[in-house]
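The values are calculated or read from the model by the stated rules, or taken from the named source; none is laboratory data. Because the structure is a prediction, the values reported are computed rather than measured. Glycine gets a Cβ as well: all are built from the backbone with ideal geometry, and neighbour counts include every protein chain shown. Please note that ligands, DNA and RNA were not included when accessible areas were found on the heavy atoms of the full protein model with its side chains. Shrake-Rupley method; radii C 1.70, N 1.55, O 1.52, S 1.80 Å.
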Amino acid sequence: MPQAFWYYLLYSILLLLFHKGCTALTYGDFEDEKPFEDEEGQASDCGDTYYDWIALFCWPEFHAAIMATAESNQCLWETIGSMYSELVLCTGLLAEGMGCPVSSPTLDTFFVRIHAEYFANCSLPIDTTDHQPPIGMVVFLTSLPVCLVPLSVALTLRKT
């Protein structure tokens, strides 16, 4: 059978387990996070459990892929875009399977940590090309309405 079938089967089984409330798993670097609290002061169902599952199932694959990438290419979207997209997809599938909102403080915290750990030294590329339009084009496009408005007013007054 195709490999994609096995991935979908595995995700389906994991989503069923998440829905049943398996909550005893944690993962190394991400254990130190405190559970988020909702307005009543109780730990949210989608706080620490969701974070633990993300850290267990989504983060290791992303971490391995980033570490296998040359350091000089870790800031290039062309190189890491697919890895990052798979991480986002994984977190979305987990959220859906656990009944958690896709946008949550837990997920925000996770991605802030990902960015701080892997992309802290990345900067925006410096583009040396000048993005200013040519002066002639600016003068033409500015003077065209300036000339057409009085002309149209004069033609309108002449007809009346």
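Can you name every residue in the stretch 49-95 that is in contact (Cβ under 8 Å) with a residue 40 or more places away in the chain and more than 25 Å from residue 124 (Cβ to Cβ)?
49, 50, 51, 53, 54, 55, 57, 59, 93, 94, 95
In the stretch 51-104, which residues are surrounded by fewer than 20 Cβ atoms within 10 Å (Cβ to Cβ) and polar (S, T, N, Q)?
69, 72, 73, 74, 79, 82, 85, 103, 104
Please state which one of 141, 151, 94, 89 is modelled with pLDDT under 90, aliphatic (A, V, I, L, M) and under 26 Å from residue 65 (Cβ atoms). I'd like the intermediate steps shown before the answer.
Working: 141 fails: under 26 Å from residue 65 (Cβ atoms); 151 fails: under 26 Å from residue 65 (Cβ atoms); 89 fails: modelled with pLDDT under 90.
Criteria check complete, one pass: 94.
Out of (1) farther than 24 Å from residue 80 by Cβ; (2) part of a loop (DSSP other than H, G, I, E, B); (3) open to solvent by 70 Å² or more (accessible area, probe 1.4 Å), what's the single condition that is false for residue 153?
(2)
Pull up the stretch 79-109, narrow it to residues that are among the charged types (D, E, K, R) and under 15 Å from the mean Cα position of the chain (by Cα), then point me to the one that is farthest from residue 47 (Cα to Cα).
Of all residues in the stretch 79-109, those among the charged types (D, E, K, R) come to 86, 96, 108.
Among the residues that remain, those that are also under 15 Å from the mean Cα position of the chain (by Cα) are: 86, 108.
Details: 86: 21, 108: 11 Å.
The residue in question is 86.
Are any residues in the stretch 105-129 outside any helix (DSSP H, G or I) and either small (Gly, Ala, Ser) or surrounded by 15 or more Cβ atoms within 10 Å (Cβ to Cβ) (or both), and if so, which ones?
Going through the stretch 105-129, the residues outside any helix (DSSP H, G or I) turn out to be 119-129.
Listed by number, the residues that qualify are 120, 123.
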